[in-house]
Amino acid sequence: MNRLCSSSYGWRPAVRWKRRGGELAAIVLVPTTCTAQLTSDFYKQSCPQALQIIRSVVKRAINREARMGASLLRLHFHDCFVNGCDGSILLDDTDTSLLQLVTRLRFWEVLPIPMEYYWLLSSFQSHGLDLQDLILLSGGHTTGLARCTTFRARIYNDTNIDPEFAASLQKGCPANGGDNNTAPIDSTTTHFDTVYFKSLLQKKGLFHSDQELFKSDGSDSDTLVQHYANSPQDFKVDFGASMVKMGNIKPLTGSDGEIRLNCRKIN
Ligand code: HEM
Ligand SMILES: *[C@@H]1O[C@H](CO)[C@@H](O)[C@H](O)[C@H]1NC(C)=O
Ligand SMILES: *[C@@H]1O[C@H](CO)[C@@H](O)[C@H](O)[C@H]1NC(C)=O
């Protein structure tokens, strides 16, 4: 990765998912461009192997640790929701490797905003995304782990939760202490499947924000969750489309942006 970064850097960290036999296979970081329009083949001439190299590096990282795919996906989401997908999340004044960066993000303290339905939807809408994108992109929670501190209030105090599910999680996440203990976000955490949505139908969403998307109130949100729970193919295709949409939030074009020579520093 360093080789690519230092020669002609320009990650546009759009993440593309490939599904192979239901398993997470690869994420591809798409290079940026400095011309007026963004292209997905920026390195076609200068480094034709770029995408292949990135794919194999990411694949290796995921083989070493399955959670890495999830962590990179979340990294991309957080980059995009802060001033567009400009890779600014990679910027650091210290010499940080991607692994260190991912580790830091895994312990990131998020503000305790009440993650209610209307807040989630308006947050997505403020980025040009709609309800369907909110449902689909939340489906990113089909993979990865979460720390006790992020779901404690839900498993002890929420009512819209399956009681047995809550009790089983309480074993690994005590009311006090154990903040860093982790639980899988859905029960098939290394598989890109629709179990995340199926769980919502059974009040088994891990996060309050997840369960907000299905409250058995006959809303459009409910209908979408039900649809994707039963349509793995639609989920796969539509998730990809929403990822591209998210990856296009506030693109820097023309002289507004730059191709970094080193992904950790502005030129
Ligand atoms: C809708 C608003 C969202 C909320 C409130 C939310 C909340 C969370 C929380 C609380 C965690 C656990 C973090 C921790 O343990 O410190 C998490 C993890 C994760 N989120 Fe989200 N998330 C949202 C949207 C998304 C989106 C759009 C994606 C990607 C498409 C995503 C992908 C992930 C992944 C993959 C993980 C697991 C990361 C890992 O295992 O390292 N999330 N999210
Ligand atoms: C549950 O709610 C009560 C009453 O609001 C509060 O005192 C307590 O800290 C909450 N527990 C958790 C784990 O959030
Ligand atoms: C959780 O892990 C982070 C990062 O390693 C550490 O700074 C923090 O003190 C830990 N918290 C607890 C309660 O163990």
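The values are calculated or read from the model by the stated rules, or taken from the named source; none is laboratory data. Just so it is clear, the structure is predicted and the values come from calculations on it, not from any experiment. Methodologically, a virtual Cβ is constructed for each residue, glycine included, from the backbone with ideal geometry; neighbour enumeration extends over all protein chains shown.
For the list (1) away from ligand 3 (no atom under 16 Å from the Cβ); (2) farther than 23 Å from LYS245 by Cα, I need the number of the one condition that GLY128 fails.
(2)
Looking at this structure, is LYS203 among the basic types (Lys, Arg) and on the phi > 0 side of the Ramachandran plot? First the steps, then the outcome.
On the way: among the basic types (Lys, Arg): yes; on the phi > 0 side of the Ramachandran plot: yes.
When the stated conditions are applied, LYS203 passes them.
How about the range 122-187: which helices (runs of 4 or more DSSP H) wholly inside it have at least 3 residues that are in contact (Cβ under 8 Å) with a residue 40 or more places away in the chain, touching a helix residue (DSSP H, G or I) at 6+ places or on another chain (Cβ under 8 Å) and on the phi < 0 side of the Ramachandran plot? Steps first, answer last, please.
Numbers: elements: 131-138, 148-157, 163-172.
Qualifying helices (runs of 4 or more DSSP H): 131-138, 148-157.
Are there any helices (runs of 4 or more DSSP H) wholly within the range 1-88 with 3 or more residues that are modelled with pLDDT of 90 or more and either of a type in the set (Lys, Arg) or within 13 Å of the chain's Cα centre (by Cα) (or both), and if so which? Break it down stepwise before answering.
Numbers: elements: 2-8, 50-64, 67-81.
Fully inside the range 1-88 and qualifying: 50-64, 67-81.
If you go through the range 235-251 one residue at a time, do you hit one that is within 16 Å of ligand 3 (Cβ to nearest atom), surrounded by fewer than 16 Cβ atoms within 10 Å (Cβ to Cβ) and either more than 25 Å from ARG67 (Cα to Cα) or polar (S, T, N, Q) (or both)? Show your work before the answer.
First, pick out the residues of the range 235-251 that are within 16 Å of ligand 3 (Cβ to nearest atom): none.
No; the residues of the range 235-251 include none that is within 16 Å of ligand 3 (Cβ to nearest atom), surrounded by fewer than 16 Cβ atoms within 10 Å (Cβ to Cβ) and either more than 25 Å from ARG67 (Cα to Cα) or polar (S, T, N, Q) (or both).
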